[in-house]
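In what follows, a single structure is set out as structure tokens and then discussed.
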Amino acid sequence: MPVSKITEPSESNKISKGEPVIIIEHLFKSFGKNVVLKDFNLKVYGQENVVVLGKSGAGKSVLIKCIIGLLKPDRGKILVFGNNIPELSPDELDKVRTKIGFLFQANALYDSMTIRENLEFPLRRHWIGLKQKEVDKMVLEALDNVGLRNTLEMMPIELSGGMLKRIALARTLILKPEIILYDEPTTGLDPVTAREIDKLILKLQKKFKTSSIVISHDMNCVKTIADRVVLLLDGICYAEGTYDELEHSEDEKIKQFFE
Amino acid sequence: MALIQDIRDFFDETGSLTKFAGNFFTNGLKPRYEVKEVLAQSYSIGYKSLPLIGLTNFIMGLVLTMQLRPSLVKYGVESQLPVMVGIAIVREIGPVIAALIFAGKIGSSIGAELGSMKVTEQIDAMEVSGTNPYKYLVATRVLATTLMLPILTILGDGISLIGAYIGVNINSVTSLHLFFIQVFHSLTFSDLIPAIIKTFFFGFAVGMVGCYKGFNSVKGTRGVGISANSAVVLSSVLIFVIDLLVVQFTNLLGLN
Amino acid sequence: MAKQVENNIKLGVFVMTGLLAMMIAFYLIGNNTGMFKSSFTLKVRFVVLDGLREGNNILFSGLQAGTVKSITIINDSTMEVAMQIDSKLKTFIHNTALVAIGTEGLMGNKVVNIQPVKATGQLVNDGDYLKAKKYIGMDEMLETLSKTNNNVATISEALKTTVLKLDTSAIFTLLNDKEIGISIKSSLKNLNTATNNTSELTGSLNKVALHIKQGKGAAGLLLTDTGFESNLKTSMLKIKSASENVNKASVQLKTMATNINNDITYGKGALHTVLRDSAISQKINISMSNLQKGSEGFTQIIEALKHNFLVRGYFRRQEKTQKKDSLNKLSIN
């Protein structure tokens, strides 16, 4: 078995060292006979960007869906700010979720709603009793962050893929989360737009001082964003380290990702 | 083996649908109430279905009258035509036609809408945004279909009776007043009330099956199509099954 | 936002229209059952209900008065029907009124008819019992009709027998026999000829006698011839006897004619009976007219039956076969 090299994040990659915000211990998840995660361990520290690399179907999406409570693991602990996600009641889970943003692979913008309604949705759902004035202000602020203020009254179907991704990002950021989970943020975008999105993610990351887990197999994206890279292979954390460390690894299985 | 697998699948599906429907009563009706969403759904499910259901019921009333006339003329009871048509419409034709059209229009649209929401992770997004998708999407739609179909049926019955009135007037002349007096004179509460009550069940079945199929849609555009299609098929079949059960039940209660 | 308000208004109108339609339907149906009118209860006991149900209409002299509220079985031959009657009619219904179960139309719903009776009684109170009247149901109507049919069959059978008897009787043979008339006619003709001949003969004899007196002709010569006198005498005698014979014959003829006449006028025998007996002929007359009346009556019955929908089909078929028969006859002739 290759070595699972768990290293403390180096001081240089971090703006400021934080406590671990996500601790995953001995996580198991299977769908029928298909075992996706078996004894997976991971720690994410404050203001750190962790990229999870892996083949399609390796269980990357499953991992982050378990973190946000969309999927229930078979076994194991997922501690987010000290709350064990699988054991939370729906109300408690909702409370934790306000601190976690999730950028879906397919954007998941509600196509029956305008951009404004899309952005208002999490605000109104999580923070009941918010005044319309405040909501409007936050919506515009979120759109300004991604530079798409003019799309306010448009429908999602009228926008391009890159614009939709930005809107989705704006919606993710509107609740000012402390952790953001990105599910393949650049998949399906042209390389130029993908780079724009990468830069935007990084910019907002710095602005809001968030920690994040990014799932990707786009190596450019990984290179740009990652403070630390985790290789998810055969249901376990196969390797861990900075981009450079893994790029220069001698392991055959690691190498094939960097070719 | 394939047969056994099919039977297993059937009961698996029945069980999970029942569980899904049971969820409506255990979770769906608890606060927080999505009043705004129920209203919005009621508008698009109820109000917007009226023209279609009105048209089909109108034609049904007209055609039924024209089809029944020859038999009644043969027995020399042509004057009973409004009575016959009135009872047929109020007891059976009106509710069932309305429910079937409703299943075709609403069942498929709910199946497709929730199916595509499922496929594009919008349902997950909703859950992440502090919203119980079952309450927000399913309960509201099921509530809307359950409450709107009876209203659509009543209005459809009325429109159907106007169609029947025109049908009666093609071959003879009857005043609208006499027609409606004849119809309502022959009707009793035991005709109207079970017929209206069963439409609540029809509406519930259409909404629930549409949501279930949408929620369990498999990935891809084909999955959405299958969801929409099977929602219509299953809810149409359920309408007839419920109709059968209701008629048995009303017989049992001696309401016929 | 404004659109949502607009949609909600549309939804509101839609729902209110539906509820209004429902309320109207409930009101109209409720009116039938008298739900929204003040009412009182009357009771009546029947032996059979014949399908009367709760909710059936109650008519007072044909006016919608209420509905059947409940039906209770008291014992195997007593059913108690509670009737919900419109309060407005309380001042019109007397406790002598009779109650009967009837049918709306030919096959319609059962109704309860309350019929006022001439004899005045007291006005009814809530919960009073009224008297039940035997009603005429469809079954009984059909039973009566069946009896009537049987009667018609019997009558027509009897009529048929009578006609057959008449057909085979002597009188009818006589009436029908053409030859009798012809032979009577020829007999009378012969009689006439005989009479004429006799008259001619007598005339000729007279002439001969005159000629002889005058001595003309052979006879005269003979008479004048004495030689012939004895011959003449013999001849004369012979003539005399011949003339007597003729006379006898003519008397006989006369007798015969008289006899025939008598026969015709007073005489006995079938012919007379037919031609002369006024009593019998009157009887025949009467029976003929009766027969005619009878057949007229029968025709009327048949005609009435023809219009009866129950046997209309039979008569149509009958007509068709008759037509065919007559056509056949024509072709044979």
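Just so it is clear, none of the values below were taken in a lab; they were calculated from the coordinates. Keep in mind that what you see is a predicted model, and the values were worked out from it rather than measured. All Cβ positions, glycine included, derive from the backbone under ideal geometry; neighbour counts span all protein chains shown.
Which of B:Phe240, B:Phe11, B:Phe184 moves the most in a Gaussian network model of chain B with Cα springs under 10 Å? The residue with the greatest mean-square fluctuation here is B:Phe11. Note that the stretch C:92-104 has calculated 3J(HN,Hα) couplings of 10, 8, 9, 6, 8, 4, 9, 10, 9, 8, x, 10, 6 Hz, one per residue in order, obtained from phi through the Karplus relation 6.51 cos²θ - 1.76 cosθ + 1.60 (θ = phi - 60°); glycine and proline are x. Under 5 Å between amide hydrogens, built in the peptide plane, is the criterion, and for A:Tyr45 it picks out A:Val21 among residues at least 5 positions away or on other chains.
Put a dot 7 Å past the Cα of C:Thr202, heading toward its Cβ, do the same for C:Lys238, and the two dots end up 2.5 nm apart. Distances between placed amide hydrogens fall under 5 Å for C:Val117 paired with C:Ala97, C:Leu98, all partners being 5 or more residues away or on another chain.
Would you mind counting up the charge near C:Thr41? Only other residues with Cβ under 10 Å from its Cβ, with Lys and Arg at +1 and Asp and Glu at -1. Intermediate values should be presented prior to the final figure.
Values: positive: C:Lys43, C:Lys69; negative: C:Asp126, C:Asp128.
Result for the local shell: 0.
Between the helical axis of A:191-208 and the dominant principal axis of chain A, each derived from Cα atoms, what acute angle in degrees is found, rounded to the nearest 10? Relative to chain A, helix A:191-208 is tipped by roughly 80 degrees.
Enumerate the aspartates and glutamates that A:Lys199 could reach by cross-link, defined here as Cα to Cα under 15 Å, with residues fewer than 8 away along the same chain left out. Hits, sequence-local ones excluded: A:Glu184, A:Asp190, A:Asp218, A:Asp227. Restriction of the GluC sites (Glu not before Pro) in the stretch C:1-103 to DSSP coil positions whose beta-carbon has at most 12 other beta-carbons within 10 angstrom yields no sites. Simple point charges give the picture: +1 on the Cβ of Lys and Arg, -1 on the Cβ of Asp and Glu, and for chain A a dipole about the Cα centre of about 600 debye. Note on C:Asn75 and B:Asn171: with the Förster distance fixed at 51 Å, the Cβ-Cβ geometry gives a FRET efficiency of about 0.50. Basic side chains Lys and Arg get +1 at the Cβ, acidic Asp and Glu get -1 at the Cβ, and with that the dipole of the stretch A:119-259 about its Cα centre reaches some 1000 debye. Model label sites at B:Ile59 and C:Lys90, defined 7 Å from Cα along the beta-carbon direction, differ in position by 5.4 nm. Each other residue within a Cβ distance under 13 Å of B:Thr120 adds +1 if Lys or Arg and -1 if Asp or Glu, for a net charge of -3. Each of A:His248, A:His217 was scored by other Cβ atoms within 10 Å of its Cβ. Arranged with the fewest first, they read A:His248, A:His217. In this structure the amide hydrogen of A:Cys237, modeled in the peptide plane, comes within under 5 Å of the amide hydrogens of A:Asn41, none closer than 5 places in sequence on its chain.
Ranking B:Phe189, B:Phe179, B:Met117 by how far each Cα lies toward the positive end of the dipole of chain B (charges on Cβ) leaves B:Met117 at the top.
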